[in-house]
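Working notes, structure below.
Laboratory data are not the source of any read-out in this text; all were calculated from the coordinates shown. These figures come from a predicted structure and were not determined experimentally. A quick note on method: Cβ atoms are made from the backbone with ideal geometry, for glycine too, and the neighbour counts reach across all protein chains shown.
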Amino acid sequence: MTTLTLQQANAIIAGALAQSAKSGYLPMGVVVIDDSGNVKAAQREDGASMFRLDVATGKAWGAVGMGVSSRVLAQRAKDNPNFFTTLSATSQGKFLPQPGAVLILDAHGKIMGAAGASGGTGDEDEAICMAGVQAAGFKAG
């Protein structure tokens, strides 16, 4: 079984933060979690608010837990708010269905984990996560 390594997680974060800088986004927090929902690596840029890592983790945790990007979860939450409110309570608040996290998929489509970001708009957060995942040689889902 292949697992996400610390080196790969750090490469994802480096790629995400490089894309953020290139795009001129506000300071970001980026988190990579493994397929069990455990934080593998996290970085908060200078100037990013104290909540950035918590928000990024919640987005990534939800993506891994439900097996889809946080953008998909955000849409599902709009369509079924009671379920997602209950799911957030059941997960002790770890679950955050907001755009800004993508799955990390290996070449065979297996979920390796997720990358989540916070600091910009949901679209900006998602874009840097996708860039980081791809820069590290994985597919973003």
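A protection proxy built from the mean count of other Cβ atoms within 10 Å ranks the segments 25-38, 73-86, 52-65, most packed first, as 52-65, 25-38, 73-86. With N counted as the residues of the chain, its alpha-carbon radius of gyration over 2.2 N^0.38 Å works out to 0.94. In the chain, Cα pairs under 8 Å separated by at least six residues give a relative contact order of 31 percent. Lys-Lys pairs in segment 6-140 that are eight or more residues apart or on separate chains and whose Cα atoms lie under 18 Å of each other come to 8.
The fewest-to-most ranking of Val68, Val39 by surrounding Cβ atoms within 10 Å reads Val39, Val68. As a proxy for reagent exposure, Met130, Met112 were ordered by neighbouring Cβ count within 10 angstrom, fewest first; the result is Met130, Met112.
Adding -39500 (n - 2.57) for every DSSP H run of four residues or longer, then dividing by how many residues the chain holds, sets the calculated 222 nm ellipticity at -15000 deg cm²/dmol.
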